[in-house]
Structures are given as C-alpha cells and as structure tokens.
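Visitor: Next up is a structure, given as structure tokens.
The values are calculated or read from the model by the stated rules, or taken from the named source; none is laboratory data. Predicted model, so just to flag it, every value in this text is computed and none were measured. Note: ideal-geometry Cβ built from the backbone for every residue, glycine included; neighbour counts use all protein chains shown. Just the protein is used for accessible areas: all its heavy atoms, side chains included, with ligands, DNA and RNA removed. Shrake-Rupley method; radii C 1.70, N 1.55, O 1.52, S 1.80 Å.
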Amino acid sequence: MFERLEQLEIKYEELNRALASPEVMQDSARYQKTAKAHSELAAIVEKFREFKDLSQGIAESKLLLAEETDAEMRAYAGEELARLEERLHRVEEELKVLLVPKDPNDEKNVVLEIRAGTGGDEASLFAAEVFRMYTRFAEAHRWKVEVLSSSESGVGGIKEVIALIEGQRVYSQLKYESGVHRVQRVPATEQQGRVHTSAVTVAVLPEAEEVDVKIEAKDLRVDTFCSSGPGGQSVNTTYSAVRITHLPTNTVVSCQDEKSQIKNREKGMRVLRARLYEIEREKQQAALAKERKAMVGSGDRSEKIRTYNFPQNRVSDHRIGLTVHQLSEVMDGKLQPFIDALATYYQTQKLKEGGDAAVA
C-alpha cells in the first residue's frame with residue numbers, strides 16, 4: 001500500500017508542476033483534465049503526508065523515551081507517543097478507504113424513477129412528496145432537474161415520475177437511494193385517525209452515454225400516439241407522444257411531456273439507455289458475487305430501505321440502523337446525514353470484501 005502511496009505522491013507533484021506550466025494553462029481542455037486528476041489525488045496525498053508526519057513524531061517520541069532520564073519529560077513523551085499512535089491507526093484506516101477503487105459511475109448524471117406502490121391514493125401523494133424531497137436536495141447542490149415523464153393521480157399525487165438530474169457527481173450522492181421507501185401516517189381521508197402504511201419505489205440509474213450502451217435501430221420499435229392528461233392544445237390532437245420498445249429485452253419507455261415528437265423521442269432514448277445500462281450492471285454484479293444479495297443495501301428495488309414515520313417525527317434507514325427525529329427537515333431535502341452515513345458504510349464494506357487486496 002505504501003509503495004503505491006509514494007507513487008501517487010510523485011504523480012501529484014508532477015500534476016502540480018503541469019498546472020503551472022504555460023503549455024497546459026493555454027490549453028483549456030488539457031488544463032481541465034489535469035486539474036481534475038490533481039483534485040482526485042489531493043485528499044489521498046494530504047492524508048499520506050499526515051501519516052508520514054505522525055510516523056516521524058512517533059519515532060522522535062520513542063527516541064526521547066529511550067534517552068531521557070527526567071521523569072516528567074518521560075511521562076510527557078509517553079503520553080505524546082500514545083496519542084500519536086492512536087491517531088496514526090485512524091489515519092491508516094482512512095487511507096485504506098481513500099484507496100478503495102472509485103465507482104466509475106460516480107461522476108454520471110442520474111435518471112430518477114419514483115413510482116407509487118402499495119397504499120393507493122396515499123402512496124401517490126407520498127410519491128409526490130418524495131420527488132419534492134429529492135428536488136430540494138438537488139437544488140441545494142445546484143443540480144438541474146428535468147422531468148422526462150410523469151403521470152399524476154386524481155388526488156394531486158404522482159403515480160410515476162421519471163426525471164433526469166444533472167450536475168457534479170450526482171450518482172455518487174444518490175446511488176444508495178434505490179429501494180422501497182415506506183411511509184406511516186394518518187391519511188387526510190382517514191376518519192378514525194388510524195395510521196396507515198404505504199410505500200413508493202425509488203430507482204436511481206446512472207445516465208448512460210451512447211458509448212456505454214450500443215443500441216441497434218433494428219432492435220427498436222417506435223410507436224407514436226396522442227398525448228393524454230392535462231395540457232395545451234396539442235394534447236389529444238397530435239401524435240407527439242412516443243413509446244419505444246427495445247425488442248431484445250422487452251424494455252418499454254414512454255414519453256409525452258413535450259409537444260414535439262422529436263424531443264419526446266430524445267428524452268425516451270435517454271431513459272432507455274439508462275435502463276439497459278442498469279440491466280447490464282445488474283447482470284455483472286450477480287455474476288461477480290451472488291452472496292452480495294445478503295449484504296445490507298444491495299440496491300434491490302424490492303428492498304425496504306427507509307421508513308418515514310410521521311406520528312413519531314422519525315426517519316429510519318434500515319440498512320445502517322440510522323434514525324433521526326427531524327422528519328420535516330428530511331422531507332425538505334436535508335438528506336445529507338443519510339447520504340454521508342451510507343457512503344461511509346459501503347466504503348467499509350468494500351474494505352471487508354477485499355479492499356485490502358485492491359490497495360496492496
């Protein structure tokens with residue numbers, strides 16, 4: 001591990017020099033690429049340098065203990081040695097986490113799919129609230145949210161919504177949100193004040209580029225139809241809505257939010273690429289490790305991952321045992337405590353599954 005860290009530090013210094021060179025500074029594309037590589041190494045190199053400083057401090061404390069005869073100075077050196085050794089152990093563990101191979105999808109935008117599950121109208125109302133929760137979280141990160149497709153319920157909720165979220169490292173933040181989100185509360189229509197349980201499913205798919213997924217024209221069937229639901233004059237009068245079927249996988253995508261058939265087709269293809277990319281990823285993961293099904297947070301959409309209990313003002317993530325009693329804040333998009341805790345948990349899991357071998 002330490003040989004690799006030495007190499008990364010050398011690379012970091014080379015990038016430092018490159019960023020200051022006129023040749024790189026005058027080439028914007030090259031400068032951006034170099035700056036990105038420099039930024040990715042910064043945290044690792046900073047932590048490694050802290051490790052080396054601590055190691056030097058430990059060596060000096062041990063030398064002082066061996067040579068010092070004054071009892072007070074020896075006691076001080078002993079306390080300092082214990083403190084430095086404890087800190088060195090923590091920094092070494094942090095370095096192992098930093099060296100775990102990054103998810104290649106972390107930089108990608110995401111296709112967010114939310115669907116009402118069990119619970120009828122109440123589930124559709126909660127689906128709308130969950131979508132608002134992620135929209136507010138995206139706003140806090142200055143990400144762009146674009147609705148690709150939506151279907152409203154008769155009570156003002158959402159049966160289904162598909163949205164594209166674009167920004168910096170979106171997938172890295174949202175990738176553990178896939179699964180069943182359960183709500184427990186008294187619906188507005190409940191006459192006797194009984195608490196009902198409803199659920200919505202959330203899927204977070206990394207947006208696939210054309211180079212990630214190759215789709216042959218012969219594998220597609222594209223149908224057009226009139227838009228339905230509330231809208232302007234084009235609704236029910238022009239064949240602007242598009243349904244795309246990927247024949248080999250029988251994956252179907254519909255889009256009717258735009259008045260233009262061309263735009264609806266473009267949006268539909270973005271969703272289709274993301275879904276096909278996710279299908280392929282799931283196949284690879286299943287082939288690599290069947291036992292990971294038992295691992296907490298497999299990302300399976302059938303898995304109940306979180307409960308929002310309104311009477312108790314409580315939100316609980318069942319994968320990591322984290323509970324907060326700030327439900328209104330969470331529903332307003334303040335999800336960062338869960339996002340950070342889940343990221344830390346999964347990094348630790350990767351280490352347990354072989355991260356040490358990966359960074360050796």
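Visitor: May I ask you to rank L342, L63 by accessible area, largest first, using a 1.4 Å probe over the protein chains only?
Guide: Details: L342 0, L63 95 Å².
Largest to smallest exposure gives the sequence L63, L342.
Visitor: Mind grabbing the accessible area of T197 for me, 1.4 Å probe, Å², rounded to tens?
Guide: Its heavy atoms expose roughly 80 Å² to the probe.
Visitor: Give a residue-ordered list of calculated ³J(HN,Hα) values for the stretch 192-198 (Karplus: 6.51 cos²θ - 1.76 cosθ + 1.60, θ = phi - 60°; whole Hz; x for Gly, Pro).
Guide: Coupling constants for the stretch 192-198: 9, x, 7, 7, 10, 10, 10 Hz.
Visitor: Whole-Hz ³J(HN,Hα) for each residue in the stretch 162-169, computed from phi via Karplus 6.51 cos²θ - 1.76 cosθ + 1.60 with θ = phi - 60°, x for glycine and proline: what do you get?
Guide: Karplus-based 3J(HN,Hα) across the stretch 162-169 equals 10, 9, 9, 10, 10, x, 7, 6 Hz.
Visitor: Got a number for carbon plus sulfur as a percent of the stretch 7-153's accessible area, 1.4 Å probe? Each step should come with its number before you reach the end.
Guide: On the way: 4440 of 8600 Å².
Summing carbon and sulfur atoms, their accessible area is 52 percent of the total for the stretch 7-153.
Visitor: For the cross-link pairs K263/K350; K267/K334; K36/K259, which exceed 31 Å when the distance is taken from alpha carbon to alpha carbon?
Guide: Where the Cα-Cα span goes over 31 Å, the pairs concerned are K263/K350; K36/K259.
Visitor: If contacts are Cα pairs under 8 angstrom and at least 6 residues apart, what is the relative contact order of the chain in percent? Walk me through the numbers before you get to the answer.
Guide: On the way: 550 pairs, mean separation 56.8, N = 360.
That works out to 16 percent.
Visitor: Per DSSP helix of 4 or more residues, -39500 (n - 2.57); summed, then divided by the residues of the chain. What does that give at 222 nm, rounded to the nearest 500? It would help to have the intermediate numbers written out before the result.
Guide: Working: 10 runs with 169 residues, N = 360.
It lands at -15500 deg cm²/dmol.
Visitor: Then there is this: Got a number for the accessible area of D212? Probe 1.4 Å, square angstrom, nearest 10.
Guide: Probe radius 1.4 Å; accessible area of D212 about 60 Å².
Visitor: May I ask for the net charge around R132, where only other residues with Cβ less than 13 Å from the Cβ of R132 are counted and Lys, Arg are +1 while Asp, Glu are -1?
Guide: On the way: positive: R136, K334; negative: E129, E139, D332.
Once positives and negatives cancel, what remains is -1.
Visitor: Give, as ranges by residue number, the residues of the stretch 1-34 whose backbone N falls under 18 Å from the point 7 Å along Cα→Cβ of K62.
Guide: Only 2 fall inside the zone, counting backbone N under 18 Å.
Visitor: Excluding E9 itself, calculate the net charge of residues whose Cβ lies under 14 Å from the Cβ of E9, where each Lys or Arg counts +1 and each Asp or Glu counts -1.
Guide: Values: positive: R4, K11, R17, K47, R49, K52; negative: E3, E6, E13, E14, E40, E46, E50, D53.
Within the 14 Å Cβ shell, the charges total -2.
Visitor: Where does the longest stretch of the chain lie that holds no trypsin sites (Lys or Arg not before Pro) found in a DSSP loop with 11 or fewer other Cβ atoms within 10 Å? Provide the component values of the computation, followed by the final result.
Guide: On the way: sites that count: K102, R142, R194, K214.
Looking at the chain, 215-360 is the longest stretch - no exposed trypsin sites (Lys or Arg not before Pro) with at most 11 other Cβ atoms within 10 Å.
Visitor: Excluding ligands, DNA and RNA, what is the solvent-accessible area per residue of the chain at a probe of 1.4 Å, expressed in Å²? Could the numbers behind the result be given before it?
Guide: Numbers: 20080 Å² over 360 residues.
Per residue, the chain has an accessible area of 56 Å².
Visitor: Turning to a different aspect of this structure: Please give the FRET efficiency for E94 paired with D27, using the beta carbon to beta carbon distance and R0 = 30 Å, rounded to the nearest 0.05.
Guide: Details: r = 35 Å, r/R0 = 1.16.
Working from the Cβ atoms, E equals 0.30.
Visitor: Identify which of D70, D121, D223 has the largest mean-square fluctuation in a Gaussian network model of the chain, with springs joining Cα atoms closer than 10 Å.
Guide: D70
Visitor: What does the charge add up to near V186, with Lys and Arg as +1, Asp and Glu as -1, over the other residues with Cβ less than 13 Å from its Cβ? Numbers along the way, then the final one.
Guide: Numbers: positive: R185, R194; negative: E122, E190.
Charge balance near V186 sits at 0.
Visitor: Where the centroid of each part is defined by its Cα atoms, how far is the stretch 310-328 from the stretch 96-142 in Å?
Guide: Centre-to-centre (Cα) distance: 17 Å.
Visitor: Report the full-extension gain for the segment R221 to R169: residue separation times 0.36 nm, less the Cα-Cα distance, to one decimal in nm. Working shown, then result.
Guide: On the way: separation 52, 0.36 × 52 = 18.72 nm, distance 3.31 nm.
Extra length available between R221 and R169 comes to 15.4 nm.
Visitor: Using R₀ = 35 Å, calculate the FRET efficiency as 1/(1 + (r/R₀)^6) where r is the Cβ-Cβ separation of Q347 and N313; round to 0.05. Please list the in-between numbers first.
Guide: On the way: r = 30 Å, r/R0 = 0.85.
Efficiency, rounded to the nearest 0.05: 0.70.
Visitor: Once you keep just the Cα pairs under 8 angstrom separated by 6 or more residues, what percentage relative contact order results for the stretch 83-197?
Guide: 28
Visitor: In nanometres, what is the gap between the two model label sites at V252 and H141, each 7 Å from Cα along Cα-to-Cβ?
Guide: 3.2
Visitor: Quick one: if you stick a label point 7 Å off each Cα along the C-beta vector at Y239 and K263, how many nm between them?
Guide: Once both label points are built, they end up 2.1 nm from each other.
Visitor: Still on this structure, please answer the following. At 0.36 nm per residue, minus the direct Cα-Cα distance, what do E80 and E13 gain on full extension? Give it in nm, one decimal, please.
Guide: Gain in length upon complete extension: 21.0 nm.
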